[in-house]
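> Here it is, the structure, as structure tokens.
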Amino acid sequence: MQAAAHLNIANSTVAIANSTIAPMDQTGAVSNRISSLVARVFGCRHAQMSRPFSRDGRAYRSCLNCGAQRQFNIGKWEMTGSFYFGQPQTRQMPSV
């Protein structure tokens, strides 16, 4: 689709003539809506995790999609415990 676009910023007009504007991909929009609905119903799968971080004497990894954190054992190089948001509760902290 051919269209001419005009942009007015503080009395300065910028014109882009003969630019091609691609129509929105309908299948992508539907796919995003379905995946959003599934995530709301079933929750995040935590499939994409960050590298291990260490802060204030604790090690953890974070979900890149929802931000949930999970304790990380540096010695065994594995995640332990359940997912949580924010600072862990005392019962989630491993005893030293």
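> Please go through (1) at pLDDT below 90; (2) surrounded by 11 or more Cβ atoms within 10 Å (Cβ to Cβ); (3) within 17 Å of the chain's Cα centre (by Cα) for Met93 and return the number of the only condition it doesn't satisfy.
(3)
> When only residues in segment 77-90 that are crowded, with 16+ Cβ neighbours inside 10 Å and in a strand (DSSP E or B) count, which is modelled with the lowest pLDDT? Spell out the reasoning first.
Narrowing segment 77-90 to residues crowded, with 16+ Cβ neighbours inside 10 Å: 79, 81, 83, 88.
Cutting the leftovers down to in a strand (DSSP E or B) gives us 79, 81, 83.
On the way: Met79: 95, Gly81: 92, Phe83: 88.
Residue satisfying both the conditions and the ranking: Phe83.
> If I ask for residues that are over 20 Å from the mean Cα position of the chain (by Cα) and assigned to a loop (DSSP other than H, G, I, E, B), which ones from segment 36-76 would you list?
Asp56, Gly57, Ile74, Gly75, Lys76
> Further question: Do you know which residues across segment 15-67 are modelled with pLDDT of 80 or more, small (Gly, Ala, Ser) and surrounded by 11 or more Cβ atoms within 10 Å (Cβ to Cβ)?
Gly43, Ser50, Ala59, Ser62, Gly67
The values are calculated or read from the model by the stated rules, or taken from the named source; none is laboratory data. From a predicted model like this one, the values you see are computed outputs, not experimental measurements. Because the Cβ atoms are built from the backbone with ideal geometry, glycine has one as well, and the counts that use them run over all protein chains shown.
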